[in-house]
Amino acid sequence: MANDVVELILADHRRFEDLFRDLRNRDNDREKLLAELAALLVAHAEAEESEVYPALKRFKNVDDHEVEHGAEEHAEGHQALLALMEVGDTSSEEWEDKLEELVEALNHHVDEEERTILNDARDSVPEQRKAELGANFVRVRQERLDADCGSVDHVRQLVKATEHRVD
Ligand SMILES: [Fe+2]
Ligand SMILES: [Fe+2]
């Protein structure tokens, strides 16, 4: 189903992985790719947190702790994203180190989200509701993209606002 929130989230996760692969290649325009990744990551996480996570928590078979933990991992991801964006020189060793840290944090989160929250959603959320949530997810994700949510200023604000969530 084209609108199924689980499928839409999975499609973004696969896009992140493609971007990680492209970012590793130093022949590519890393600055442009990083800007694309930043916007998608932030829009995806914000749409999950505002439209999907709270709705899923209402289903008793969806583990609330996993949902809260997911939001903590978004905060960690944004922190790692900001650290990479702040390096500047995309050909430096430091840039590659920060890329590695970002990829590690995000792969961990995506893996866990798919195994816990999304599997729970597959099992317990009716098709109709998954389609509604998918439509909400797409709408908010697009609003966030239109608001330039991947700009370094916005990522900085996000990191500041969610610092308390990160150990
Ligand atoms: Fe996700
Ligand atoms: Fe997530």
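The values are calculated or read from the model by the stated rules, or taken from the named source; none is laboratory data. For clarity, every value in this text was computed on a predicted model and none was experimentally measured. Using ideal geometry, Cβ is built from the backbone for each residue, glycine included, and neighbour counts are taken over all protein chains shown.
So is residue 112 assigned to a helix (DSSP H, G or I) and within 16 Å of ligand 1 (Cβ to nearest atom) or not?
yes
Go through region 120-150 and give me each residue that's touching a residue at least 40 places away in the same chain (Cβ under 8 Å) and not in a helix (DSSP H, G or I).
Scanning region 120-150 gives 125, 148, 149, 150.
If we keep just the residues of region 130-167 that are basic (Lys, Arg) and more than 23 Å from residue 80 (Cα to Cα), which is surrounded by the fewest Cβ atoms within 10 Å (Cβ to Cβ)?
Ranking the candidates gives 139 first.
Checking residue 105 against (1) at pLDDT below 95; (2) out of contact with any Lys or Arg (no Cβ under 8 Å at 6 or more places or on another chain): exactly one of these is not met. Which one?
Tallying (1) at pLDDT below 95; (2) out of contact with any Lys or Arg (no Cβ under 8 Å at 6 or more places or on another chain), residue 105 fails exactly one: (1).
Going by what's in this entry, would residue 96 be described as within 15 Å of the chain's Cα centre (by Cα), of a type outside the set (S, T, N, Q) and at pLDDT 95 or above?
Judged against the criteria, residue 96 is not a match.
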